[in-house]
Every structure is written in C-alpha cells, then in structure tokens.
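Reviewing the structure listed below.
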Amino acid sequence: MLPSNFVMGKLEHMSKISVNFIDIVEVLVTRLGLSFSRVDENEMSVTLVGDNAEYCMSVVFMPDYDMMRFSCDMNLVVPPEQYRSIVDAFAKANERVLVGCFGFVSNSRRIVYTITIPFMSSFVIDEAVVEAIIEVAVCESDKLYYYFYMAIENIELPDFPIGALFLESAGEA
C-alpha cells in the first residue's frame, strides 16, 4: 500500500530539488578531462573510453521525478533478426549485475547499460557518487561488450556460464 502522502508520482514531503545535479556531473567530467557536451540544463552527453570500446553516456536529471538517469550507449546496434538472441543475452546478464540493467533503445536498437538514481530526502549525490556510477557503467559495459557483440553477430557463444565474465582476477598472468 502506498503512503498516505503519495501524490501524483511523488511524495508530498519531497520539495522541488533546487540543485541541478547536471552541474555536479559537469564539474566532475571537466576535472577528469572527459569530453562532454551539455544538451540543455538537465541533460549532458559524456564520452567514456573503456577497455573494449568508446561509450557515450547520457546523463539526464529529471527534477519533476527527483531522479537522475545514466545511460551508457555501448555502440552496438541489434538487427531485427537478432532480437530474440539479444533479449536472452540481456536476461542472463541482468541476473548478474548488482546495479542497473542492460537493454536497448527501441527506436534505434542500440544497446545501453542504464542506472537510475531516485533522490530521497536524505540522499546526497556528489562528485564521488557520480564518479562511482561512471566507473560501474564502464566496467559492466566492458565485461559484456563482446558477449553482446557475439550475440548480435550470431557467433556461437562460448560454452561457459555467463557468471565467468563477472569473476575478478587477483592479478595478471
């Protein structure tokens, strides 16, 4: 049951957020020397370089819903004939990620890794939180880039559990 102070998609006690969190993201990506463009006051695009690909992260602040969405475009496009295999690959991958999820943008069929942060009255987002979200997005995208690539290209996926992609090694060989 919803709380009695729940009105039109948000809690009454939540006041309109006065800080634009995109400004915090801009300060961080500038400090990190990342390439970005400010789309408008509530949205920006950031270029991220991972181990396997260059990613484009869209960061959108939604003040009406007190949320912020980070979508990391993996630069992989799903052809219609591979829809079923990629949906299966998403299901297997999303069982393993701790935060966020993989999916695709329906009109462009581009694969994205998305994390949405709802703001609570006590939640604070700062540069450290944004940096951690960016690191998670790049790390998760890198882990599964070639897995999704093989599913799109109809390359037989290796006979190993997807969980093997999430194992962390202690060192380098």
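Computed from the coordinates by the stated procedures, all read-outs in this text should not be read as laboratory data. Quick caveat: nothing in here was measured; it's all calculated off a predicted structure. Here the Cβ is made from the backbone with ideal geometry for all residues, glycine too, and neighbour counts use every protein chain on show.
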Based on other C-beta atoms within 10 Å, arrange MET68, MET44 from fewest to most.
MET44, MET68
Rounded to the nearest 0.05, what FRET efficiency is calculated for GLU54 and ALA128 with R0 set to 25 Å and r the Cβ-Cβ distance?
0.55
When PHE102, PHE119 are ranked with the fewest other C-beta atoms within 10 Å first, the list becomes PHE119, PHE102
Take THR47, THR114 and order them by how many other Cβ atoms sit within 10 Å, fewest up front.
THR47, THR114
Which length gain, in nm to one decimal place, applies between GLU43 and CYS101 when the Cα-Cα distance is subtracted from 0.36 nm times their residue separation?
18.9 nm
